[in-house]
Every structure is written in structure tokens, then in C-alpha cells.
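Enquirer: Right, I'll just put the structure down here and ask away after.
Laboratory data are not the source of any read-out in this text; all were calculated from the coordinates shown. What you see is a predicted model; the values in this text were computed from it and never measured. Quick reminder, even Gly has a Cβ in these numbers, built from the backbone with ideal geometry, and neighbours come from all protein chains shown.
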Amino acid sequence: VYVETGTGELVPASLQRAQPALLEIPASLDAYLKSIGDKSRNMIRKARKLGYEFRRLTPEMLGQDIYEIRTSDPMRQGRPIP
């Protein structure tokens with residue numbers, strides 16, 4: 001099976017038998033906050049008060065931190081870390 005891209009190129013594709021999960025992205029943060037429940041809004045407020053924040057990152061920006069966490073213990077969930 002092939003899928004045609006916007007440029008007309010045919011690329012191989014595999015058929016999925018399950019229905020994909022889709023996430024509707026609201027037009028704005030306000031629209032999102034209106035769509036979630038009170039409990040979720042309270043948890044967001046609590047996280048902000050505790051100093052948590054959202055930032056777009058790439059793995060390269062945190063490479064050393066990820067490495068140190070992954071190698072801080074040779075086992076995770078009862079299995080050796082690959």
C-alpha cells in the first residue's frame with residue numbers, strides 16, 4: 001500500500017486495523033481551560049503555584065540530564081537498562 005504525499009511522491013504505508021486516537025487541539029488556552037473540569041483547572045493552578053512550567057524542549061537540550069537519569073541505576077522496572 002502506498003500513500004501519495006503533497007508533492008505527488010508515493011511512499012510505502014502500512015494498514016492499521018485499530019482506530020487511531022485523535023486529539024482535538026483547542027484554538028486557544030482559554031478554550032482548553034473551559035473544556036476541562038474544575039478538578040483539572042485546580043491541579044493546573046496548584047502546579048503553577050509550585051513553580052512547574054511548560055516549555056518546548058528537544059531531547060538534545062537535555063541530553064546530559066537524560067543520560068544521568070538513565071544511568072543512575074542499572075535496573076529499571078526489574079530489567080537492565082538497554
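Enquirer: From the helices alone, meaning DSSP H stretches of at least four residues, give me the mean residue ellipticity at 222 nm for the chain, per-run term -39500 (n - 2.57), in deg cm²/dmol to the nearest 500. Mind dumping the intermediate values first?
Expert: On the way: 3 runs with 28 residues, N = 82.
Calculated from helices alone, the mean residue ellipticity at 222 nm is -10000 deg cm²/dmol.
Enquirer: If I take R0 = 30 Å and measure r between the Cβ atoms of K46 and R70 in this structure, what FRET efficiency does the formula 1/(1 + (r/R0)^6) give, to the nearest 0.05?
Expert: Values: r = 29 Å, r/R0 = 0.97.
That pair, K46 with R70, gives E of 0.55.
Enquirer: First measure r as the distance between the Cβ atoms of T7 and L29, then evaluate 1/(1 + (r/R0)^6) with R0 = 22 Å and state the FRET efficiency to the nearest 0.05.
Expert: Values: r = 34 Å, r/R0 = 1.55.
That gives a FRET efficiency of 0.05.
Enquirer: About its Cα centre, how strong a charge dipole does region 28-72 have in debye, to the nearest 20, once Lys and Arg get +1 and Asp and Glu get -1 at the Cβ? Numbers along the way, then the final one.
Expert: On the way: 10 positive and 6 negative charges, 76 e Å.
The calculated dipole for region 28-72 is roughly 360 debye.
Enquirer: With the contact rule set at Cα under 8 Å and sequence spacing of 6 or more, what percent relative contact order holds for the chain?
Expert: Working: 23 pairs, mean separation 8.7, N = 82.
Answer for the chain is 11 percent.
Enquirer: Towards the positive end of the charge dipole of the chain, with charges on Cβ (+1 Lys, Arg; -1 Asp, Glu), say which of I69, G37, G6 has the farthest Cα.
Expert: G37
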